[in-house]
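Before any comments, here is the structure.
The values are calculated or read from the model by the stated rules, or taken from the named source; none is laboratory data. Just so it is clear, the structure is predicted and the values come from calculations on it, not from any experiment. No Cβ is skipped: glycine too gets one built from the backbone with ideal geometry, and neighbour counts run over all protein chains shown. When the accessible area is computed, the model is the full protein with side chains, heavy atoms only, and any ligands, DNA or RNA have been set aside. Shrake-Rupley method; radii C 1.70, N 1.55, O 1.52, S 1.80 Å.
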Amino acid sequence: MKVLQVGAEIYPLIKTGGLADVLGALPQALQAQGADVRLLLPGLPGIIDAVLHAKRVAQVGPVLGAARVTLLLAQMPYSHLPVYVIDAPFLYRRGGGPYQDRRGNEWADNLQRFGVLGWMAAQLAQGELDPAWAPEVVHAHDWHAAMSCAYLHAHPAGTAASVFTVHNLAYQGLFPHDDWALLGLSSRYMSPAALEFHGQLSFMKAGLKFADRVTTVSPTYAREIATPEFGVGLEGVIRGRGADVSGILNGIDTKVWDPSADAALAQRYSAEQPAGKAACKAALQAQFGLAPEPATPLLGVVSRLTSQKGLDLVLSVLPEVVRMGGQLVVQGTGDSALEAAFRMAADAHPGRVGVLLGYDENGAHRLIAGADMILVPSRFEPCGLTQMYGLRYGTVPVVRRVGGLADTVRDAGADASAGNGFVFEGAQPDALREAIARAFAQYRAKPGWAQLMRVGMGEQLSWEGPARQYMALYEQATGARREVRQRDID
Ligand code: ADP
Ligand code: GLC
């Protein structure tokens, strides 16, 4: 099975969130299942300057405002996976982030930047670019890659199947209606039945409407996005796809996230030899100027600071967490109001609350290893990876029952032996406070806590299971495509 994975960010080269972790790990897991996997990525400086042995395979252009677009075939550092990189300096070679400039404004030419990504995927799939390789399945991730599904659909003799994965429906890639002509699609694609979304042009809809199969990153989120509460206006489109939509829970990279081999930690540890976790906790307390108290329950947060993550609830309950004798460490970046509020919280509770407003990969490992509990109180969460990293590091998750959090964390309340964390229902401070109080009580009742840690550390979280599910889906999607072609011929 020849599969092209298309996305905008990839760990460890460029990362703004969990999408990068998925693209950094899923392709290798598919390869282990026997797939012939290649990646297609935009030539952002962090990517094009890091790939190895790049060779030119095709030169095209002008395309979508770029005079010169060269397709390179290279190797990923570390994994050595084959990767196609789109070298389009006019669109990609600049400072700032993958989606935004340094001030946090969306790049004004994102339609062109990610339109080209989808266009190149479709051309590659049709055998136009690399005479030596063409995929049977194009797997597009999030709105950045979604146009590949529309371009593939638009080709009357299209052979490759497409799979579109929604990592977060809240980011849709919306553009002014009038810009649609830049995309080079026929006018039938600019209708409410296709890419138009309330007078705008939606890249997300290109994936939702035209992929042969649509997935999202947890079974619960797959059900949620069919409802008005989580569907962000696209619930009708999603319901319209019926059984073509499914949820496949993300895995985690169990090599990158392994407390027994993690070079970032003060001391390594494992389920069999958990002693080193205490050293990680002491190091974290020292780093953040917290009182060096080994027996104090220490809560951790590693997160983008956005309303999605429900961290305003953490701010509301913070005084009580401190009153209950707890400590909190937060590492995150994002909304300036949330950043300011967490900075003030740290100032208001010296020795009890530590905050790092920044992005630091090793810091995230140290925080997750050093904390006793990882808090993820999200309003919505397509999958969520930090609660799984927590489980693997014996750091007990305290989460809201939503999306992928509901699919990975089982409450230790009713039947402590079956639980691996603490789960609350409502997005209200009271509900979070009650869950934290239960976690603290359990933590202080020592033997039960060790059991909880062991259960979490023993969870099967690797990509192997999800990769098998994707392989089965690719088979389905290519089968469906063959049937469509057969119908066309008959
Ligand atoms: P999302 O993709 O919605 O941000 P996930 O839980 O899926 O949420 O993934 C977040 C990823 O980003 C995790 O790998 C987490 O460790 C990482 N992360 C988030 N904020 C930071 C930060 N400030 N520093 C380091 N890593 C971070
Ligand atoms: C998105 C979601 C997150 C998910 C990640 C990887 O960023 O917000 O829940 O874990 O994608 O699929």
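Points to keep in mind about this one:
- Test set (1) within 16 Å of ligand 2 (Cβ to nearest atom); (2) without any contact (Cβ under 8 Å) to a residue 40 or more places away in the chain; (3) of a type in the set (Ser, Thr, Tyr) - THR296 fails condition number: (1)
- Listed by position, the strands (runs of 3 or more DSSP E) contained in region 314-416 that have at least 1 residues being hydroxyl-bearing (Ser, Thr, Tyr) are 327-334.
- Being open to solvent by less than 50 Å² (accessible area, probe 1.4 Å) and among the small types (Gly, Ala, Ser) is a property that holds for ALA66.
- Flag for GLY421 being closer than 30 Å to ASP212 by Cβ, of a type in the set (Gly, Ala, Ser), within 16 Å of ligand 1 (Cβ to nearest atom) and surrounded by 18 or more Cβ atoms within 10 Å (Cβ to Cβ): no
- The residue list VAL57, VAL37 contains one member that is open to solvent by less than 10 Å² (accessible area, probe 1.4 Å), β-branched (Val, Ile, Thr) and assigned by TED's automatic domain parsing to the domain that holds LEU183, which is VAL37.
- Of all residues in region 3-30, those satisfying the criterion of being within 13 Å of ligand 1 (Cβ to nearest atom), among the small types (Gly, Ala, Ser) and in contact (Cβ under 8 Å) with a residue 24 or more places away in the chain are GLY7, ALA8, GLY17, GLY18, GLY24, ALA25.
- The condition (being over 18 Å from the mean Cα position of the chain (by Cα) and among the β-branched types (Val, Ile, Thr)) is satisfied by just one residue among THR296, THR254, THR306: THR296.
- Count of region 214-246 residues, restricted to those that are of a type in the set (Ser, Thr, Tyr) and either in contact with a Ser or Thr (Cβ under 9 Å, 6 or more places away or on another chain) or not assigned by TED's automatic domain parsing to the domain that holds HIS167 (or both), is 4.
- So LEU290, is it surrounded by 21 or more Cβ atoms within 10 Å (Cβ to Cβ) and in a helix (DSSP H, G or I): no
- Counted residues, region 267-287 - those being open to solvent by 20 Å² or more (accessible area, probe 1.4 Å), of a type in the set (A, V, I, L, M) and within 27 Å of the chain's Cα centre (by Cα): 1
- Of all residues in region 121-171, those that are away from ligand 1 (no atom under 16 Å from the Cβ), open to solvent by 10 Å² or more (accessible area, probe 1.4 Å) and among the aromatic types (Phe, Trp, Tyr) total 2.
- As a summary of the residue check, HIS80 satisfies the conditions (1) within 27 Å of ASP253 (Cβ to Cβ); (2) surrounded by 15 or more Cβ atoms within 10 Å (Cβ to Cβ); (3) out of contact with any Pro (no Cβ under 6 Å at 6 or more places or on another chain) except for the one numbered (2).
- For region 188-230, a residue qualifies if it is of a type in the set (S, T, N, Q) and either touching a helix residue (DSSP H, G or I) at 6+ places or on another chain (Cβ under 9 Å) or within 16 Å of ligand 2 (Cβ to nearest atom) (or both), and the qualifying residues are GLN200, SER202, THR215, THR216, SER218, THR220, THR227.
- Region 236-281, residues that are in contact (Cβ under 8 Å) with a residue 40 or more places away in the chain and more than 16 Å from ligand 1 (Cβ to nearest atom): SER246, ALA266, TYR269, SER270, ALA271, PRO274, LYS277, LYS281
- Enumeration of residues in region 231-257 that are within 13 Å of ligand 2 (Cβ to nearest atom) and either open to solvent by less than 30 Å² (accessible area, probe 1.4 Å) or among the small types (Gly, Ala, Ser) (or both): GLY247, ILE248, ASN250, GLY251, ILE252
- Taken over region 368-380, residues that are within 16 Å of VAL217 (Cα to Cα) and open to solvent by less than 10 Å² (accessible area, probe 1.4 Å) amount to 1.
- Some residue of region 92-108 being open to solvent by less than 10 Å² (accessible area, probe 1.4 Å) and touching a residue at least 40 places away in the same chain (Cβ under 8 Å): yes
- Failed condition for CYS383, given (1) under 19 Å from PHE230 (Cβ atoms); (2) in contact (Cβ under 8 Å) with a residue 60 or more places away in the chain; (3) open to solvent by 10 Å² or more (accessible area, probe 1.4 Å): (3)
- Test result for ALA441, open to solvent by less than 40 Å² (accessible area, probe 1.4 Å) and either part of a helix (DSSP H, G or I) or touching a Pro at 6+ places or on another chain (Cβ under 8 Å) (or both): no
- Residue match in region 320-328 (condition: open to solvent by 10 Å² or more (accessible area, probe 1.4 Å), at positive phi and away from ligand 1 (no atom under 12 Å from the Cβ)): yes
- Checklist (1) within 16 Å of ligand 2 (Cβ to nearest atom); (2) in contact with a Lys or Arg (Cβ under 7 Å, 6 or more places away or on another chain); (3) at positive phi applied to PRO377, failing item: (3)
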